[in-house]
Structures are given as structure tokens and as C-alpha cells.
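Notes follow the structure.
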Amino acid sequence: MALRSTAGGWGSVTRTFHWGMLVLLLGIVSVGYYMTTLPLGPVKLKIYALHKSIGLTLLVLAILRALWRLSEQRPALPVMPIWQVRVAHSAHLLLYGLLLLMPLSGWLYNSASGFPLQWFHVLNLPALARADPHLKVLARSVHEIGAVALIGVVALHALVALKHHFIDNDVTLRRMLPWRGDRF
Amino acid sequence: MALAFVATLAVAAPVYPVVAARSSLAFSGTQQGERFNGVFRAFDARIQYAPDDLAGSHFDVTIPLKSLDSKNSERDAALATADWFDFTHFPNATFRTVAMHMTATGVVADADVTIKGRTRRIAFPFTWKGAASGATLDARVTLDRLDYGLGTGDWADDAMIGRKVEVTVRLVLGPVVPGEVPVAKSTLKSVGQPKPKR
């Protein structure tokens with residue numbers, strides 16, 4: 001498998017981004033829902049810190065992934081109706097948008113709340129805004145609605161991939177699988 | 001007899017009224033490696049001081065803890081709980097000097113600081129600048145929060161919330177009005193009123 005994508009299939013870098021970020025997303029969403037149920041205490045702060053650290057990691061990965069995606073060719077889509085092509089492009093654009101929006105709105109929410117931001121006890125990051133109760137409410141809403149939207153779009157993305165695989169019998173899913181080579 | 005009485009009054013260290021709007025009691029701690037700042041919006045301070053009468057000088061300060069504001073409503077709520085200041089059982093902190101003495105670097109007061117029912121004697125070096133219009137008192141001390149049972153149990157972890165808390169005092173004191181009974185206590189700002197919504 002080549003590092004870069006070709007007309008025939010996705011390269012290993014893209015596949016690593018794809019599945020690595022999925023694992024991190026499943027983790028951060030689980031941690032995100034769990035942490036809000038915890039009683040106030042140091043454990044809660046540590047779980048929040050973990051959520052923020054994963055979120056910052058995902059922000060960097062999303063930027064790198066977008067740059068990588070722009071720098072390489074993408075495999076040809078399987079033959080399908082033009083409306084499906086348009087929906088696919090829009091959905092993928094939305095995914096990239098949400099992958100950037102989620103960490104940024106979380107960072108803003110954290111800043112507006114007046115909390116510190118530390119990446120895995122290694123690096124402290126500056127606040128995006130001063131503590132502000134109105135901005136805090138707004139950023140929180142964006143982060144929460146964005147989370148639901150991201151989960152929804154990812155679920156749709158997965159369902160459509162399964163549809164391509166099992167109903168259309170095309171290579172859409174197979175060529176993204178981590179263990180498959182370039183031959184289908 | 002009358003003369004002796006007047007003479008006694010003349011040498012007693014004067015009590016200064018505190019100019020609330022220009023005075024502050026601030027603290028600075030660390031959370032997850034990042035510094036945060038807070039203030040106590042209210043405190044009662046009785047400042048009796050004369051540079052040439054350290055034995056007759058006393059500072060007596062009471063701080064209503066619910067006036068704490070660390071610019072973060074969640075953190076403020078946590079600090080109110082029994083793990084931290086325990087506002088319900090210990091609504092006030094106090095600071096009382098027991099002695100003052102001159103050192104090579106300036107005047108240092110020995111003071112009893114009581115927070116959450118625990119009293120520790122600290123050295124309190126301060127800078128006093130007297131002027132015709134009053135005086136200013138500046139001081140900075142570092143306290144160990146665990147000395148006062150602040151952040152007990154799992155909260156004790158220094159990496160999460162730093163143990164060292166820097167307290168910065170700035171008092172602007174008005175002129176002592178001669179012939180009048182000095183204001184013994186000046187309530188600063190709005191102790192009983194709710195904090196402005198943030």
C-alpha cells in the first residue's frame with residue numbers, strides 16, 4: 001500500500017487518519033458523556049482534562065488530515081447518480097467542518113468558563129477568549145449541538161459505506177479498510 | 001491628670017480608615033499548571049499603625065469568604081464546599097497581628113491567620129508608605145493551602161491544584177482625622193449583596 005492515494009485507492013496515510021480518528025472520536029464521545037455525569041471532584045477534573053487532551057489531539061489531526069487531503073489526489077468515485085456524488089461531497093465537507101468545529105468550540109467553551117487548558121500534562125495552551133458567561137452559554141450550545149451532528153453524520157457515513165459494500169457491491173468500503181491492499 | 005490623658009492619646013498609634021474602592025485582597029493559585037487569580041470582594045480591616053510605635057500597632061482583618069470570586073462560577077462553587085473553605089461552617093477567615101518588629105528589610109508582623117478553624121502563625125512583611133493624605137499598605141505572602149485544610153483528600157494533589165497560594169494585599173488608607181474617634185471598622189463593598197452576575 002502506498003503512502004499517497006492513487007486513482008485506484010486510498011493511501012496508507014489517509015487510512016491511518018480515517019481509522020485512528022474514528023477510534024479517538026469513539027473515545028472522546030464516550031468520555032464526554034461520562035464526565036458530565038460525575039460529581040464535582042478531582043476525578044471529574046482529570047476526566048475533563050483527558051477529554052480536552054484528546055480533543056486537542058483531534059484538532060491537530062483534523063488540520064493535518066485536511067491539508068493532506070488537499071495535497072493528494074483522491075480515488076475516483078464508483079459510478080453513481082450525480083445527486084449521490086453531490087450528497088457525498090457535501091457530507092464529507094460537513095465532516096471536516098465538524099471535526100474542526102468540535103475542538104474549537106470546546107476550546108472556546110473552556111476559555112469562556114475560565115478553566116485552564118493543558119495537553120496531557122505537557123503543554124498549556126492560551127485561552128481563546130476571556131471568561132464570559134454569555135460566550136460560555138453560546139460555545140457550550142455549539143459544542144453540544146455539534147456533537148450530536150457529528151455523531152449523526154458519522155453514523156450516516158458508516159451506513160452509506162455499508163450500503164455501498166452490501167447492496168451496490170462496489171469498492172467504496174473495501175478500499176478504505178486498513179487491512180486491504182490496493183487490489184480489490 | 002488631664003494633661004497626662006492627652007499625652008497618652010497623642011502617642012497611641014492611629015487607626016486609619018480603609019478606602020474600600022482602592023483596596024484589594026487578591027489571591028493567585030495554580031490549576032493544572034495554569035495560574036488563576038481571585039479576589040475577596042469584602043473584608044473588614046482595622047489598621048492601627050505607627051512606624052515609631054510597633055508595640056501599639058495592630059492589624060485585625062475579617063474576611064467573609066462568600067465574597068470570594070475566582071472568575072469561574074464552577075470553581076467558586078467548588079471552593080464553597082466542605083472539601084475547600086466550607087462556607088457553611090466557616091463563613092469567615094481572620095488575620096490578626098500579635099507582634100511587629102523591625103528587620104533589616106523592613107517591618108515584619110507576626111500574624112495569626114485562621115481559615116476553616118485552623119490557625120497558623122505567619123510572618124507578614126509589609127511596606128507602609130505614609131503620606132499627608134493617608135497611607136498605603138502593600139504585602140505579599142505565600143500560604144500552603146493544606147495548612148488550612150483547603151482541598152483535602154483527593155484534592156490534595158499538588159499537580160491538579162497547586163499547594164502554594166500567593167496572597168496580595170493592597171490597602172489604601174485615608175487620612176486620620178485628628179480629634180475624632182477613628183473608624184474602628186470599615187466594611188468594604190457589599191458583603192451581604194449578591195455578586196454581580198458574570
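The values are calculated or read from the model by the stated rules, or taken from the named source; none is laboratory data. The structure displayed is predicted, hence computed values, not measured ones. Glycine also receives a Cβ, built like all others from the backbone with ideal geometry; neighbour counts cover every protein chain displayed. In case anyone asks, the SASA skips ligands and DNA or RNA and just uses the protein heavy atoms, side chains included. Shrake-Rupley method; radii C 1.70, N 1.55, O 1.52, S 1.80 Å.
The set of residues in the stretch A:85-107 that are hydroxyl-bearing (Ser, Thr, Tyr) and open to solvent by less than 30 Å² (accessible area, probe 1.4 Å) contains only A:Ser105. With respect to the conditions (1) at pLDDT 95 or above; (2) open to solvent by 60 Å² or more (accessible area, probe 1.4 Å); (3) within 14 Å of chain A (Cβ to nearest Cβ), B:Pro91 lacks only one, and its number is (3). Looking only at residues of the stretch B:45-82 that are of a type in the set (Val, Ile, Thr) and in contact with a Phe, Trp or Tyr (Cβ under 7 Å, 6 or more places away or on another chain), we find that the one that is surrounded by the fewest Cβ atoms within 10 Å (Cβ to Cβ) is B:Thr62.
Of the residues making up the stretch B:24-44, those that are in a strand (DSSP E or B), among the polar types (S, T, N, Q) and open to solvent by less than 20 Å² (accessible area, probe 1.4 Å) are B:Ser28, B:Gln31.
Scanning the stretch A:142-150 turns up no residue that is surrounded by fewer than 14 Cβ atoms within 10 Å (Cβ to Cβ) and under 14 Å from A:Lys52 (Cα atoms).
Residues in the stretch B:45-86 that are in a strand (DSSP E or B), aliphatic (A, V, I, L, M) and within 19 Å of B:Arg163 (Cα to Cα): B:Leu68 alone.
Within the stretch A:70-84, the set of residues being surrounded by 14 or more Cβ atoms within 10 Å (Cβ to Cβ) and either modelled with pLDDT of 95 or more or farther than 22 Å from A:Val160 by Cβ (or both) comprises A:Glu72 only. I'm trying to understand the selection: among the residues of the stretch B:154-164, which are open to solvent by less than 60 Å² (accessible area, probe 1.4 Å) and either touching a residue at least 12 places away in the same chain (Cβ under 8 Å) or under 19 Å from the mean Cα position of the chain (by Cα) (or both)? Answer for the stretch B:154-164, where residues must be open to solvent by less than 60 Å² (accessible area, probe 1.4 Å) and either touching a residue at least 12 places away in the same chain (Cβ under 8 Å) or under 19 Å from the mean Cα position of the chain (by Cα) (or both): B:Trp155, B:Met160, B:Ile161, B:Gly162.
Looking across B:Arg120, B:Arg96, one residue alone is more than 22 Å from B:Leu173 (Cβ to Cβ), away from every other protein chain (no Cβ under 14 Å) and part of a strand (DSSP E or B). It is B:Arg120.
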